[in-house]
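So the structure is just underneath, and the comments pick up after that.
Since every read-out is calculated from the coordinates, none of them should be taken as a lab result. This one's a predicted model, so the numbers in the text were calculated from it and none came from an experiment. Note that each Cβ is placed from the backbone with ideal geometry, even for glycine, and that neighbours are counted across all protein chains shown.
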Amino acid sequence: MRIAYAYYLMADLEATCAEDGTIPPQEMEIIEIGAVLQSARTFEIVSEFQTLVRPVRHPELTPFCTQLTGITPADIAQAPPFPEALEAMKRWLSPFSDWLFCSWGDYDRKQFLQDCAFHGVAYPFSSGHLNLKAELSRVLGLPKRLSLGEALRYLGMEFEGSPHRGLDDARNIARIVRRVCQGV
């Protein structure tokens, strides 16, 4: 899983959602960005970022979304809109160079692309993208791709924090990468 970068940017998004289809996938919007920057040499987390994001297409969170993420309408009421949140993330990343954008699956990359297009802002990840869900299956020779929780259990680890929260998910992804690359 080693690639010649100084850091891995583990990003995880939460987005507006509804179990009844009232928010179609092409209208989902990011409501939380969680990210960690992990050293590709030591596999230690060197920096973290988290922000909530105020959606505009479907500004009211569904009860399903709140139950899934724990993010409430009050939490996002004063959150910045996506362009401002993305700028804050870019400022956080600015002291670091030579990183690769990674996420658990391809959903996060596609959601960033969708929100960037909708808001008319440039996609910020020129380094490419590593789908860690696919990479773990490849490296371990697994016949199927595992969810984040399944991968942790497969490696004998427990989830730390709250599932479906961006920063906690990003931290757990970094733990998986460390375990697979270092065996610890």
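If the segment from Glu160 to Glu27 were pulled out straight at 0.36 nm per residue, it would be longer than the present Cα-Cα gap by 44.9 nm. All distinct Cα pairs of the stretch 86-135 go into the 1/r average, and the inverse of that average, the Kirkwood radius, is 11.7 Å. Spread over its residues, the convex hull of the C-alpha atoms of the stretch 132-184 is 71 Å³ per residue.
Every helix of 4 or more DSSP H residues in the chain counts as -39500 (n - 2.57), and over all residues that averages to -11000 deg cm²/dmol at 222 nm.
Between helix 107-119 and the chain there is an angle of about 40 degrees, using the helix long axis and the longest principal axis of the Cα atoms. Percent of C-alpha pairs per 10 Å bin in the chain, short distances first: 9, 38, 36, 16, 1. Using a Gaussian network model of the chain in which every pair of alpha carbons under 10 angstrom is joined by a spring, one finds that among Thr69, Thr16, Thr42 the greatest mean-square fluctuation is at Thr42.
For Lys90, the lysines whose Cα comes closer than 24 Å to its Cα, not counting residues fewer than 8 places off in the same chain, are Lys110. Counting neighbouring Cβ atoms within 10 Å and putting the fewest first, the residues Cys17, Cys102 line up as Cys17, Cys102. Using a Gaussian network model of the chain whose springs link C-alpha atoms within less than 10 Å, name the residue from Ala15, Ala74, Ala85 with the highest mean-square fluctuation. Sorting by GNM fluctuation, first place goes to Ala74. By the count of neighbouring beta-carbon atoms within 10 Å, fewest first, Lys90, Lys110 end up ordered Lys90, Lys110. In the chain, Cα pairs under 8 Å separated by at least six residues give a relative contact order of 28 percent.
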